[in-house]
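Below: the structure, in structure tokens.
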Amino acid sequence: MVYLLDSNVFIEAQNRYYAFDIVPAFWDWMDTVIGPNVATVAPVRDELIGKDDPLAAWMKQRQNDPWVLPVDDKATQEAYAEIAIELDGSNYRRPAIEKFLSGADPWLIAKAKVLKATIVTHEVAAPDAVKRVPIPNLCVGRKVPCINTFDALRALQAQFRHHPR
């Protein structure tokens, strides 16, 4: 199984439950698990390094690692084009479509489709959404599974133990 991580997985971890100063073991674990079966796409990397925070610094140190997958291959480009065409004929509002297509999410979906990967995201399906385009909405028709961070951590058998000093 290949897991592709959405930017919100990293952002939520840093800002909430796995902050660098609270659970450094999470980030150490990430360094051991990221690779051929746990990855992300270059546009996610680009979103993350555009900030001035510990996550950006962490990602900059890894920005050229092989687990940051390019999206310039023909199959991913074609899958992205299919997403754009689908959205053009959808009920989503034009600003929502433009915002979605300008970000990392369609590239993440396209790469997941090509690799037959599972997307790890905090987004949930919202079938009636028109003001935003949730990742899971576009994954359904493409048969791209989406799971949240905690389901991925369980699937990857992550455990963070406290060792008293």
(message) For the stretch 101-131, which positions are farther than 19 Å from residue 68 by Cα and either free of Cβ contacts under 8 Å to residues at least 40 places away in the same chain or not in a loop (DSSP other than H, G, I, E, B) (or both)?
(response) 101, 124, 125, 126, 127, 128, 129, 130, 131
(request) Considering each residue of the stretch 35-57, count those that are under 28 Å from residue 116 (Cα atoms) and either within 13 Å of the chain's Cα centre (by Cα) or surrounded by fewer than 12 Cβ atoms within 10 Å (Cβ to Cβ) (or both), and give that number. (result) 13
(request) Considering each of 19, 13 in turn, give the residue that is surrounded by fewer than 21 Cβ atoms within 10 Å (Cβ to Cβ) and in a helix (DSSP H, G or I). (result) 13
(message) Tell me yes or no: at least one residue of the stretch 39-48 is in a loop (DSSP other than H, G, I, E, B) and either farther than 17 Å from residue 152 by Cα or at pLDDT 95 or above (or both).
(response) no
(request) Within the stretch 77-91, identify whether any single residue is closer than 30 Å to residue 23 by Cα, surrounded by 17 or more Cβ atoms within 10 Å (Cβ to Cβ) and of a type outside the set (S, T, N, Q), and answer yes or no. (result) no
(message) Go through (1) in contact (Cβ under 8 Å) with a residue 60 or more places away in the chain; (2) farther than 29 Å from residue 141 by Cβ for residue 12 and report which single condition fails.
(response) (2)
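Every residue, every condition in (1) within 15 Å of residue 104 (Cα to Cα); (2) aliphatic (A, V, I, L, M), yes or no:
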{"residue": "6", "(1), (2)": "yes, no"}
{"residue": "16", "(1), (2)": "no, no"}
{"residue": "23", "(1), (2)": "no, yes"}
{"residue": "31", "(1), (2)": "no, no"}
{"residue": "41", "(1), (2)": "yes, yes"}
{"residue": "46", "(1), (2)": "yes, no"}
{"residue": "62", "(1), (2)": "no, no"}
(message) What pairs come out if I take residues in the stretch 15-42 that are at positive phi and pair them with residues that are modelled with pLDDT of 95 or more and surrounded by 12 or more Cβ atoms within 10 Å (Cβ to Cβ) whose C-beta lies under 7 Å away, six or more apart or interchain?
(response) 35/67
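Working only within the stretch 132-141, note down all residues that are surrounded by 15 or more Cβ atoms within 10 Å (Cβ to Cβ) and touching a residue at least 12 places away in the same chain (Cβ under 8 Å).
First pass over the stretch 132-141, keeping only residues surrounded by 15 or more Cβ atoms within 10 Å (Cβ to Cβ): 132-139.
Selection gives 132, 133, 135, 136, 137, 138, 139.
Can you work out which of the residues in the stretch 132-141 that are outside any helix (DSSP H, G or I) and modelled with pLDDT of 95 or more is farthest from residue 44 (Cα to Cα)?
132
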(message) Take the conditions closer than 25 Å to residue 27 by Cβ and either exposed (fewer than 13 other Cβ atoms within 10 Å of the Cβ) or at pLDDT below 95 (or both) and apply them to residue 60. Does it pass?
(response) yes
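The values are calculated or read from the model by the stated rules, or taken from the named source; none is laboratory data. Please read these numbers as outputs of a predicted model, since none were measured by experiment. Reconstructed Cβ throughout: ideal geometry from the backbone, glycine too, with neighbour counts over all protein chains shown.
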